[in-house]
Amino acid sequence: RLSGPVDQDMYASFRQQLDACSASGPIIIAITTLGGDPEVARTMGDDVRLLREQKGREMIFLGKVAVYSAGATFMSSFPVDCRFLTETTWQMHKRLLVEGPLRSCVAALKATLHEIEHSISIEEEGFRAIIKGSKVNFKTIRDRAPENWYIDCNEALELGLVHAVI
């Protein structure tokens, strides 16, 4: 069970809980998050992939109430047939925002631009992963992401982004 921001504390809890799991049977990871650090989400997702591929573990994603931003990045680590949302869950794919007076942050904006350019390829990799096996095409998710695309659990099911709503 994971709740709160996707950050190093969540990752520590995630690892601790994984280590405490029995050696056999499926592992269900329930998460509620408003988002957080996408690199931590990708790290958690890589742990899921390794358990699936190297240990043969069945890994199940269960989104509860809110699966925003980095939470959706984490969800993309699971195949569609292993993704579930509770019936009150909303998803959102969020973009990176830059704020502040432009004259006072030119250097920061230039650094952020470089980060954004690099992050675009990472973001698109995540988009491809989350739509794999669904009815959503890459252009749709790429075009909708800047709008902070909110999807309720039923729409996620309709679009084939999750296996079931429970």
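Which ones in segment 127-146 are in a helix (DSSP H, G or I) and either touching a His at 6+ places or on another chain (Cβ under 9 Å) or among the polar types (S, T, N, Q) (or both)? Once the filter is applied, which keeps residues that are in a helix (DSSP H, G or I) and either touching a His at 6+ places or on another chain (Cβ under 9 Å) or among the polar types (S, T, N, Q) (or both), segment 127-146 yields PHE127, ILE130, THR140, ILE141, ARG144, ALA145. Scanning segment 36-43 turns up no residue that is over 13 Å from the mean Cα position of the chain (by Cα) and either more than 21 Å from TRP149 (Cα to Cα) or modelled with pLDDT of 95 or more (or both).
Residue count for segment 54-84 satisfying the condition of being closer than 14 Å to ILE130 by Cα and aliphatic (A, V, I, L, M): 5. Of all residue pairs spaced 6 or more apart or on separate chains, none has beta-carbon atoms under 7 Å together with a first member in segment 105-126 that is within 17 Å of PHE138 (Cα to Cα) and a second member that is part of a helix (DSSP H, G or I) and modelled with pLDDT under 80. Among the residues making up segment 51-79, those that are buried (at least 20 other Cβ atoms within 10 Å of the Cβ) and of a type in the set (Val, Ile, Thr) are VAL67, THR73.
Given the criteria out of contact with any Leu (no Cβ under 6 Å at 6 or more places or on another chain) and either within 24 Å of ARG49 (Cα to Cα) or modelled with pLDDT of 90 or more (or both), does PHE78 qualify?
On the way: out of contact with any Leu (no Cβ under 6 Å at 6 or more places or on another chain): yes; either within 24 Å of ARG49 (Cα to Cα) or modelled with pLDDT of 90 or more (or both): yes.
Here the answer is yes, as PHE78 does meet what is asked.
Inside segment 22-37, residues that are out of contact with any Leu (no Cβ under 9 Å at 6 or more places or on another chain) and either surrounded by 14 or more Cβ atoms within 10 Å (Cβ to Cβ) or in contact (Cβ under 8 Å) with a residue 40 or more places away in the chain (or both) make up a count of 4.
Given VAL40, VAL48, VAL6, which one is under 18 Å from HIS163 (Cα atoms) and open to solvent by less than 80 Å² (accessible area, probe 1.4 Å)?
Result of the check over VAL40, VAL48, VAL6: VAL48.
The values are calculated or read from the model by the stated rules, or taken from the named source; none is laboratory data. Predicted model, so just to flag it, every value in this text is computed and none were measured. Methodologically, a virtual Cβ is constructed for each residue, glycine included, from the backbone with ideal geometry; neighbour enumeration extends over all protein chains shown. The protein model used for the area step is the full one, side chains on, heavy atoms only, and it has no ligands, DNA or RNA in it. Shrake-Rupley method; radii C 1.70, N 1.55, O 1.52, S 1.80 Å.
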